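Down below is the structure, laid out as structure tokens.
Read-outs: derived from the displayed coordinates by stated rules, not from any lab. Bear in mind the structure is a predicted one, so any value in this text is a computation, not a measurement. Every residue, glycine as well, gets a Cβ built from its backbone with ideal geometry; the counts of neighbours run over all protein chains shown.
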Amino acid sequence: MGRLLSFWNRYIRRYKYAVAFVLFLLVIGVFDENSLLVRYHRRMDISNLKSEINKYQQQYDEESARLQSLMNNPEAVEKLAREKYLMKRADEDVFVIVDSTSTDNN
């Protein structure tokens, strides 16, 4: 008990404002539910979400332009039908070449 009282009288009492400031920084920086660490992680999450928003906005813009092209250009519709759905005209033959190394033999 004597050591604690001696420690109290020498350091804590003399530097009570510094000790209070350090305790305040610990509470704000680490222990609080809105601490600096939590705020840092939330900012990182916000940054990741914003980059996802930008990615999806770019994808939306590309698909919107493609849709406008399909609605206004009959040649684009024909190109899509030929490439994606393997459609052909009545006087044409379609040959599909499959790369055997890319398919699984399971």
Leu80 vs. criteria at positive phi and either surrounded by 10 or more Cβ atoms within 10 Å (Cβ to Cβ) or more than 36 Å from the chain's Cα centre (by Cα) (or both): no
Criterion violated by Leu5 - all others in (1) surrounded by 10 or more Cβ atoms within 10 Å (Cβ to Cβ); (2) in a helix (DSSP H, G or I) satisfied: (1)
Any chance Asn48 is in a loop (DSSP other than H, G, I, E, B) and exposed (fewer than 11 other Cβ atoms within 10 Å of the Cβ): no
